[in-house]
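Each value in this text was obtained by applying a stated rule to the coordinates, not by laboratory testing. Quick caveat, the model's predicted, so the values are computed rather than measured. Positions of Cβ are generated from backbone atoms using ideal geometry, with glycine treated the same way; all protein chains shown enter the neighbour counts.
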2 protein chains.
Amino acid sequence: MSRFISKKYENLEPHTTEEHIHQKKTIRLNTNESPYPASSFVYRSIDQFEIDNLRLYSDPEAGKLIKSISENFGVNENQIAVGNGSDEILAFAFMAFQNENKKFYFPEVSYESYSVYSDVFGINKKEIPLAPDLKINPEDYFNLDGTIVIANPNTPTGLALTACEIEEILRTNRNNLVIIDEAYVDFGGESCVPLVEKFDNLLVIQTFSKSRNLAGARVGFAIANDEIIADLNRIKFSFNPYNISRLSIIAGTAAMKDKDYFKKCINEIKRTRERFSKEMQSLGFTVLESKANFVFVRNDSIQGEDYGKALQDKNIWVKHYPDSLIKDYVRITIGTAEQMDIFIKTTKDILGIEEPSEN
Amino acid sequence: MSRFISKKYENLEPHTTEEHIHQKKTIRLNTNESPYPASSFVYRSIDQFEIDNLRLYSDPEAGKLIKSISENFGVNENQIAVGNGSDEILAFAFMAFQNENKKFYFPEVSYESYSVYSDVFGINKKEIPLAPDLKINPEDYFNLDGTIVIANPNTPTGLALTACEIEEILRTNRNNLVIIDEAYVDFGGESCVPLVEKFDNLLVIQTFSKSRNLAGARVGFAIANDEIIADLNRIKFSFNPYNISRLSIIAGTAAMKDKDYFKKCINEIKRTRERFSKEMQSLGFTVLESKANFVFVRNDSIQGEDYGKALQDKNIWVKHYPDSLIKDYVRITIGTAEQMDIFIKTTKDILGIEEPSEN
């Protein structure tokens, strides 16, 4: 730390990132990336012409990308904002809607960055405990007096609220902004995008990083009424007007248009998740009912931390959380069917199970 | 504006961006982009493998990019931070080093975003007037009591301070951070990077957008002592850890390695600038002595705004500033030699000059 650092940030604890260097032979199931390559539309749209044109600034309005999202979701272009990953949209949202007199409410166990963004912007945060079964209890969010942020499905649990439950939160918080982070919604959750027409206090955030196979392109988007979108863009244009690179605008637009591949990939992930969940249950694991591209599991016969380390010793990476409430669990990204077969086999080795069970 | 917007931002005026849609037949000399395509190294390094791998997150440390910058400048890797364009680095710097009790000083005429960032972070800004010849007077920056931000060369004038002059500013401000924005330095300015070893109060910011032909990749970088770099990274990792896309990390790394092409492009720009400046002088223009990839010109026979509009009517875009101090001028990006020939011809038409002068 230099002597010039702002007093505000002397004690700031950044979000720690997972290891992202991918090596051969290592199966990385710790960061919820897609196991499938980017759409072939992306490859076809990035040609010599577009690479030569990197000399030119990107379109600060990201017009083509916004248009592709508009067409896909059937919402107006002025109801969409795009960002350098959904992380940037979230950061802009915490920044734009910070309020000295209003708390930000979010689940005690959820995406870690909500807490970091609160700290960065000096927001008074109030973390709401999960129910004992690790579900979010919607009633805990009725009639609050501040901004609400909910990941749906939630991470790392994978558990989802229904659109009806979120509608009730919106209805009882007419004067509070409700941010629904739908990073994982395409894997089985119910999206709130259709509720944007009905509720002017709803901000939905999605990403290209998971179901659209483009984590490395850094593209996220927000859908809300035009006034909320204008607020986000006011921050964007004051902070980093050219926030998305030319090639990422191209990649995102192409991926959004390749609907067949999108469906194929998410269906494959869901199929693998269901099969994998059953197999893990047959090995004695408790597997939360995931609507995401990962599962959250525990097994009374092995501590979460030990299980994670044992897997890592065998070149499989998963994510373990030291927080006491969820320390018994590990979060496992759903990879390819082949990767999950190796995972099951490795887990049997770790648990000393010689023969598969009869289930 | 929604009813949820933070009180802080109700009156925020974002930086207005220039038109960036490039159309055939239009010569865009308003945004200081390079007229030359990205290095062929970039095209060769973005292949099917890398595009397939967009499914994976980018390296939050941007290790390869940092290494290429380190090798190029002969500074340690922990003295380098990279950002989503130098705009993001600047925003992170204003954020990291904001101080309620210290002003931020910068030239009254300079990059417009310094003022916007000050407003975004509630920084008390103090704009220092230019000298009557539009130069920055270094003595105005001696022994101040706050953070100093200087674009060198400055925009839109193109005028540069010498490294000696900046060293004197650094020497007389040992307890103040001095940020030198070297977006345009490669076109003839003297870089302060070598002063980083000597001054722990210096933060140098450069970009890939101009001299490295990659405006659309959005890559900028900072060089400073390791503590200042750690401060910037603390903000980055709290705001947007994966702030640079995979393809932009690849593009920046490739461009930094193609030193021959870099030199060839900047030499061509400098050659064109000198020839163009002489021709404009021969048409009666005052041309400030530019060390950048643009020139700032005026002509007593035509008002700046009128000149800009007349050019635009003939499909040539330049930038005019309505501020009274510089309203007589227009800023003209140096394009290809052919573009500047068309520019000269068009200007003769506008001024009603039938025959070229004898110079």
Computed on Cα atoms only, the convex hull of chain B has an orientation-averaged projected area in nm² of 19.6
Extending each Cα 7 Å along its Cβ direction at residue A:171 and residue B:354, get the distance between those two points in nm, one decimal. 8.2
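Nothing charged except the Cβ atoms of Lys and Arg (+1) and of Asp and Glu (-1): what's the magnitude of the dipole of the range A:270-313 about its Cα centre? Round to the nearest 20 debye.
Numbers: 8 positive and 7 negative charges, 77 e Å.
Using only the charged Cβ atoms, the result is roughly 380 debye.
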Note on the range B:1-112: C-alpha Rg/Rh, Kirkwood Rh, two decimals, gives 1.02
So how much slack lies between residue B:338 and residue B:40, counting 0.36 nm per residue of separation and subtracting their Cα-Cα distance, in nm? 105.1 nm
Calculated [θ] (222 nm, deg cm²/dmol) that DSSP helices of n ≥ 4 give over chain A, each run adding -39,500 (n - 2.57): -11000 deg cm²/dmol
Based on the Kirkwood radius over alpha-carbon pairs, what is the Stokes-Einstein translational diffusion coefficient of the range A:223-337 at 20 °C with 1.002 mPa s viscosity, in µm²/s? 122
So what is log10(I(q)/I(0)) for the protein assembly as shown at q = 0.07, 0.09, 0.12 1/Å, when the Debye sum runs over its Cα atoms only? -0.50, -0.81, -1.35
Dividing the mean separation of Cα pairs under 8 Å (6+ apart) by the residue count of the range B:100-233 yields a relative contact order in percent of 18
Rank A:265, A:192, A:164 by mean-square fluctuation in a GNM of chain A with C-alpha springs under 10 angstrom and give only the top-ranked residue. A:164
Taking neighbour counts of Cβ atoms within 10 Å as a proxy for exposure, in what order, fewest first, do A:234, A:331 appear? A:234, A:331
Please give the average number of partner chain Cβ atoms lying within 10 Å of the Cβ of each residue in A:209-217, rounded to a whole number. 6
For the range A:164-306, the spread of Cα positions along each principal axis, largest first, Å: 52, 41, 32
Which listed residue (A:225, A:173, A:209) has the Cα farthest towards the positive end of the charge dipole for the range A:164-301, taking +1 on Lys and Arg C-beta and -1 on Asp and Glu C-beta about the Cα centre? A:209
Return the aspartates and glutamates within reach of residue B:64: Cα separation strictly under 15 angstrom, same-chain partners fewer than 8 residues apart disregarded; answer none if there are no such residues. B:50, B:77, B:258
Ordered by packing density, taken as the mean number of other Cβ atoms within 10 Å over each peptide's residues, highest first, how do A:96-105, B:235-244 rank? B:235-244, A:96-105
Which of A:343, A:49, A:296 fluctuates most in a GNM of chain A (C-alpha springs under 10 Å)? That residue is A:49
Mind listing the label-point distances from residue A:129 to the same position on all other copies, shortest first, one decimal in nm, points 7 Å along Cα→Cβ? 6.5
Tell me the Kirkwood radius of the range A:178-219: reciprocal of the mean inverse pair distance over distinct alpha-carbon atoms, in Å. 11.0
Of the listed pairs B:210/B:264; A:126/A:198; A:291/A:345; A:125/B:102, which have alpha-carbon separations greater than 18 Å here? A:126/A:198; A:291/A:345; A:125/B:102
Alpha-carbon radius of gyration plus Dmax, which is the widest Cα pair, for the range B:41-200 in Å: 17.8, 56
Which of the aspartates and glutamates could a cross-linker bridge to residue B:7, judged by Cα under 12 Å and excluding same-chain residues fewer than eight apart? A:100, A:231
Across peptide B:41-49, what mean number of C-beta atoms from other chains lies inside 10 Å of a residue's C-beta? 3
May I ask you to report, in nm to one decimal and beginning with the shortest, the distances from residue A:40 to the same position in the other copies, taking label points 7 Å along Cα-to-Cβ? 3.0
Anyone know which of B:301, B:70, B:245 comes out most mobile in the 10 Å Cα GNM of chain B? B:301
Along the dipole axis of the protein assembly as shown (charges at Cβ: +1 for Lys and Arg, -1 for Asp and Glu; origin at the Cα centre), the most positive-end residue among B:159, B:115, B:266 is B:266
For the range A:153-181, list residues with backbone N below 20 Å from a point placed 7 Å from the Cα of residue A:131 toward its Cβ? A:153-173, A:181
List, shortest first and in nm to one decimal, how far the label point of residue B:281 (7 Å from Cα along Cα→Cβ) is from its counterparts in the other copies. 8.3
Sorted by Cβ density within 10 Å, fewest first, the residues B:115, A:248: B:115, A:248
Packing-based exposure ordering (other Cβ within 10 Å, fewest first) of A:302, B:228: A:302, B:228
